[in-house]
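Let me begin by presenting the structure, written as structure tokens, before commenting on it.
Only the coordinates and a few stated rules stand behind these numbers; no lab work does. Model, not experiment: these values are computed from the prediction. A quick note on method: Cβ atoms are made from the backbone with ideal geometry, for glycine too, and the neighbour counts reach across all protein chains shown.
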Amino acid sequence: MTTFKDLGVREDLLRAIGEMGYVAPMPIQEKVIPHLLNESTDVVGLAQTGTGKTAAFGLPTLQRVDTLSLATQAIILDPTRELCMQTCSDLNDYAKYIDGLRILPVYGGSSIDVQIRALRKGVQIIVATPGRLLDLIRRGEVKLQEVNTVILDEADEMLNMGFVDDINAILEHVPDTRKMLMFSATMPPEIAEIAHRYMHEPKEYVIGTRNEGSANVRHLYYMVRANDKYLALKRICDYLPRIYGIIFCRTRAMAQEIATQLIEDGYDADALHGDLSQAQRDAVMKKFRERNLQLLVATDVAARGLDVDNLTHIISYSLPDDNAVYNHRSGRTGRAGKTGVSIAIIHSRERNKLRDIEKHIGKAFERCEVPKPKAIIEKQLFNLADRLEKVEVKESDIAEFLPPVLKKLSWLDSEDLLKRLLSLEFNRLLEYYQGAPELDYVPEKEKEKRKKATYDKTRGAQEKDRRTAEEGYERVFVNAGKADGFFAPTLIDLINKNTHGERVELGRIDLLTNYSLFDVKAGDAKRVVRALKNADFFGKRIYAEAASPHKDYAGETQGTEIKLNRKERRRLQFSEKEQHGKRRSRKDFRDERAERRTRRDAERGFKGGGKRRAGNFDKFSKKR
């Protein structure tokens, strides 16, 4: 296993990072550290946030500093105040055992006079935001003539924030002999242009794939109606009782609105956006880092450069306009080998945007159903049970208060006590979710598919039920149904005429379109099947069999049928009233219809099958 010592890191630095728990170098560190210590060419490092970039450039930069000189020898440019402070803090930790080393964070929003006084005392490493550093250069307070190392950290973030011109202006003041390092999660054309213009034969190290999302992050999405986004957000947070994450919104107003609603609904949340003063931002971040907040609702600009460990979830309440921004959002979780989850809450019009992000990060999103109330309540109950199991009981502190409480609750057994504890905790949640609707958005085509699947499943269950006889009976199938004019009286008449011996006792009868199923008393099925086989029902040869519970009889076509046209078939079908009477032959039925037609024609004055009325016929005869 490779160690930091193998990479050439100095002993005093090894001692400091050893105390910090560093054991083996991460991939970006293993590639960049030896290059910066031993090679003369510049470096472009492409890796996600949280992959160990600070140590990758920080350790060799510290090792190259001459502490005997108070001149500025290295500048590190970060996009935001928060990242600037975090980088400076990490470098100070690494340099714990280096005497005479001074590192100064320089950023906007803080007193420039204080920063100027510190600079005049001499600083070897400046960690700065581009705007404030350029201001100090123009004032003549920062001299860059002896700078030997320039580091652009989160270069694509600085590009997104509009710092390209400031970076170009700063680099104009730096000697050509300096070593330059640029770290970025993505490589847009503008960053490639800076590399081409200012860097000397840069060596590119790529961890993962260009523009690829973190391998440790799982990407999920929920599709709801636009008006249901906040309700879906609440359900997701309720389903994740231990969530510690950032909710990203597109605008300041939206971030503040969502944060306010979450606070009013009882969540540990707060907002971070550009309308807050520096003091307010610091207070919010302090609470969030100390985990006094579970949820931070932020805009992309305000959250740039935030370095918070152990985030479990990132939630995109609205998708960003730039696909690369999603990379930065999701990269804030799943760091240092840990896993994380990035969630997008979208509506139907954002599906194409989601597909574009999938192509950009090279990963597919999984669609999830918005958690159902029952699942949420179960998750919350188990979380409470887990907290009860793990709570620290301070026996000595509560001993004097326990007896009166035990006496007060002595009439309750353990089950009643548990029920009351859960009700005390969950009554509000139960009331809120009582009768709560489903929130998932289902497109019309998908609705039809689901509807058909449900129908097929229901139909299958019905078919199975129809094929099963009631207790004490056996099920029989016949190949005649409602479409054939086959009804219950017909079936009873057919059985009575064709069976001999003891009377057959019938049970449930199910008449379907093309076939019928009916129950007969147990032991009579074989006799009935034999009696009905090949029986004639107005040209249709009846087929019967003992019904199998595993056979699908839908569309059954067994048996033979005399082919008749539609009119003839309708003439052959009895009404239910006729089926109660004496059964007649096909010839009798036709003769009766012919007789009725002749009698009707005579009553209307027709002659010889003629189609003219009597009065018209007389007029015609007179004319002739």
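Numerical summary
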quantity: Integer Hz, Karplus 6.51/-1.76/1.60 couplings in order for region 361-366, x for Gly and Pro; calculated: 8, x, 9, 9, 7, 9
quantity: Residues Ile492 and Lys5, FRET efficiency given R0 of 56 Å [Cβ-Cβ distance, rounded to 0.05]; calculated: 0.05
quantity: Three-way shape call for region 263-365 based on the alpha-carbon gyration tensor, with the a/c threshold at 1.5; calculated: prolate
quantity: Full-stretch length increase - Thr41, Glu378 - with 0.36 nm per residue and alpha-carbon distance subtracted; calculated: 115.5 nm
quantity: Cβ-derived FRET efficiency at R0 56 Å, Arg15 paired with Thr260, nearest 0.05; calculated: 0.70
quantity: Inter-label distance, nm, simple model (7 Å from Cα along the C-beta direction), Glu190/Phe426; calculated: 5.2
quantity: Simple spin-label estimate for Arg590 and Cys368 in nanometres, 7 Å along Cα-Cβ; calculated: 7.3
quantity: Estimated FRET transfer efficiency (Asp413, Lys390; beta-carbon r; R0 22 Å; 0.05); calculated: 0.35
quantity: Cross-link pairs beyond the 19 Å C-alpha cut-off, checked among Lys374/Lys419; Lys5/Lys203; Lys497/Lys526; Lys229/Lys363; calculated: Lys5/Lys203; Lys229/Lys363
quantity: Whole-angstrom gap from region 95-150 to region 274-314, using each part's C-alpha centre; calculated: 26
